[in-house]
Amino acid sequence: MSAYTNEIELLEAIRASRGASWDAIDPESVARMRAQNKFKTGLDIAKYTAGVMRRDMAEFDKDKTKYTQSLGCWHGFIGQQKMISIKKHFGGKTDRRYLYLSGWMVAALRSEFGPLPDQSMHEKTAVASLVAELYTFLRQADARELGGLFRELDAAREVCDSVAEAVIQDKIDNHVTHVVPIVADIDAGFGNAEATYLMAKQMIEAGACCLQIENQVADEKQCGHQDGKVTVPHADFHAKLRAVRHAFLELGVDDGVIVARTDSEGAGLTKEIAVVNEPGDAGDIYNSYLDVEEVAPEDTAEGDVLISRNGKLVRPKRLPSGLYQFREGTGHERCVFDCIGAINAGADMLWIETAVPTVHEIKGMMDDVRKVHPDAKLVYNNSPSFNWTLNFRQQTYDAWVAEGKDVSAYDRANLMSAEYDESELSAVADARIKTFQADTAREANVFHHLITLPTYHTAALSTDNLAKEYFGEQGMLGYVQGVQRKEIRQGIACVKHQNMSGSDMGDDHKEYFAGENALKAGGAKNTSNQFG
């Protein structure tokens, strides 16, 4: 007996036990509604998706080709469309394909203050609200898809096609959900460890199974690809990591995943001098990277901050802002130090922000981390802040120079020029971009590749193209040719936007509740019927 049939029988028994007042309740209608509402709460989702992510991590440990990917999103509809498209194009499966929730996009697109830079100035509750919104849309994608199967099942029954009925029944019983893990950005925790814990709880309750937190100062936080980043001593960061773990465990999401991000590669500043309890501890090592000068007691000035180091007195270089600076050239070492410490403090994966996307640089840092933690896995930001075309053309140019290949036809400083688009160098660079994710998964143990802001850029690009055509000479043809005709040809589900918004599901419910008296919207005069 199928799970669906079993559910109907169970509900039939419940109805029978309630007496005549429940006679109008159709057990199969309720069974359908239950199937369309598989996940009752955000915690149900967090527990389910944490299990998915842990299984994927275990598979990656055995096979480096099984890395995972995600695209950033700033609205539930965007996330829903991604997963619908993935199921359409990849055999009805969502395996190893997640969603990413970018704090940058929340700040730029979701704040009531209007567009903001990525500096943790937006309402922190907006992040959890977006997690909940994403899962609301993904759950509706499930309900919509199952609703279509139920209608197909009814049609097969009407013509007594038992073979088709069995096939559809199997699809219902083995339906693949659109609900996938979300890697969610909690910035630097929006405050101290207690504030981090409270926000983590809210995000987990909304459905997040994976939280990414960075080692910047919460009130000085900057985008990972901007200057002026300020890191915190390890004791501060590790307290926040433990706060997130406690939040997961308190809520029963024992498999919750924590991604610890280090911005040290590009962060040359710190707000604090770390506490040192004994020589060689984490605080001592953190302070060893400070840019200092040796001083004699008589050379000190009022207000100087001094450190005793190896029996000598040194003065950390302090900027007019009150911040201290690290020695130049220590970014690699500090990243490795951060990563090892984060894993020791309970992080499941690492995130290293880099200045450019290069396989050898990422591999170099991870090789050093894996000397201590062999199974250390990385989440890598395939950021739109990188000029991928220019970076990889320059990397290819430099590799050719090292190989002694003639590069006289190319101007390294001008490789972004369209004149090189059809060149051999461009083809080689593009091939390297194409395999970048697979290469870093294999060479640097990158488990998860994400693009933080793809839909921010695709929305801008498509809107620009539409506006240029529609308000220009093409008029309405600009929309029809550039949008709707492509939707129809590519089978984009939202061409039937009434269906996507839940109109057909609403009709189903009207019929469940009112029977033949239902006033439904999907009749012959519904113009969506023009799309077949």
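The values are calculated or read from the model by the stated rules, or taken from the named source; none is laboratory data. This one's a predicted model, so the numbers in the text were calculated from it and none came from an experiment. Cβ atoms come from the backbone with ideal geometry, glycine included; neighbour counts cover every protein chain shown.
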Query raised in the report: How many residues does region 284-327 hold that are under 21 Å from Ser264 (Cβ atoms), among the charged types (D, E, K, R) and either in a loop (DSSP other than H, G, I, E, B) or assigned by TED's automatic domain parsing to the domain that holds Ala239 (or both)?
Result: 3
Report task. Please go through region 265-283 and pick out each residue that is surrounded by fewer than 21 Cβ atoms within 10 Å (Cβ to Cβ), in contact with a strand residue (DSSP E or B) (Cβ under 9 Å, 6 or more places away or on another chain) and outside any loop (DSSP other than H, G, I, E, B). Result -> Leu269
Requested in this report: Filter region 360-398 down to the residues that are basic (Lys, Arg) and not in a loop (DSSP other than H, G, I, E, B), then identify the one that is nearest to Asp421 (Cα to Cα).
Outcome: Arg393
Query raised in the report: Just to be sure, is Thr300 over 30 Å from Trp388 (Cβ atoms) and at pLDDT 90 or above?
Result: no
Query raised in the report: Could you say whether any residue in region 112-123 is at negative phi, in a helix (DSSP H, G or I), out of contact with any strand residue (DSSP E or B) (no Cβ under 7 Å at 6 or more places or on another chain) and surrounded by fewer than 21 Cβ atoms within 10 Å (Cβ to Cβ)?
Result: no
Query - Selected residue (criterion: nearest to Asn382 (Cα to Cα)) from residues of region 436-489 that are in a loop (DSSP other than H, G, I, E, B) and of a type outside the set (Val, Ile, Thr) - result: Leu453
**Report entry** Which listed residue is assigned to a helix (DSSP H, G or I), in contact with a Leu (Cβ under 8 Å, 6 or more places away or on another chain), crowded, with 21+ Cβ neighbours inside 10 Å and in the same structural domain as Gly266 (by TED's automatic domain parsing), from Leu130, Leu146
**Finding:** Leu130
Requested in this report: Determine whether region 234-250 contains at least one residue that is under 16 Å from Trp351 (Cα atoms), touching a Ser or Thr at 6+ places or on another chain (Cβ under 6 Å) and in the same structural domain as Val180 (by TED's automatic domain parsing).
Outcome: yes
Query raised in the report: Say we look at region 149-179 and pick out the residues that are in contact (Cβ under 8 Å) with a residue 40 or more places away in the chain and within 28 Å of the chain's Cα centre (by Cα); which of these is surrounded by the fewest Cβ atoms within 10 Å (Cβ to Cβ)?
Result: Val176
Query raised in the report: Would you call Leu390 more than 30 Å from Lys62 (Cβ to Cβ), in the same structural domain as Leu211 (by TED's automatic domain parsing), free of Cβ contacts under 8 Å to residues at least 40 places away in the same chain and crowded, with 19+ Cβ neighbours inside 10 Å?
Result: no
Query raised in the report: From the residues in region 207-218 that are touching a Lys or Arg at 6+ places or on another chain (Cβ under 9 Å) and either buried (at least 24 other Cβ atoms within 10 Å of the Cβ) or not hydrophobic (A, V, I, L, M, F, W, C) (or both), which one is modelled with the lowest pLDDT?
Result: Gln216
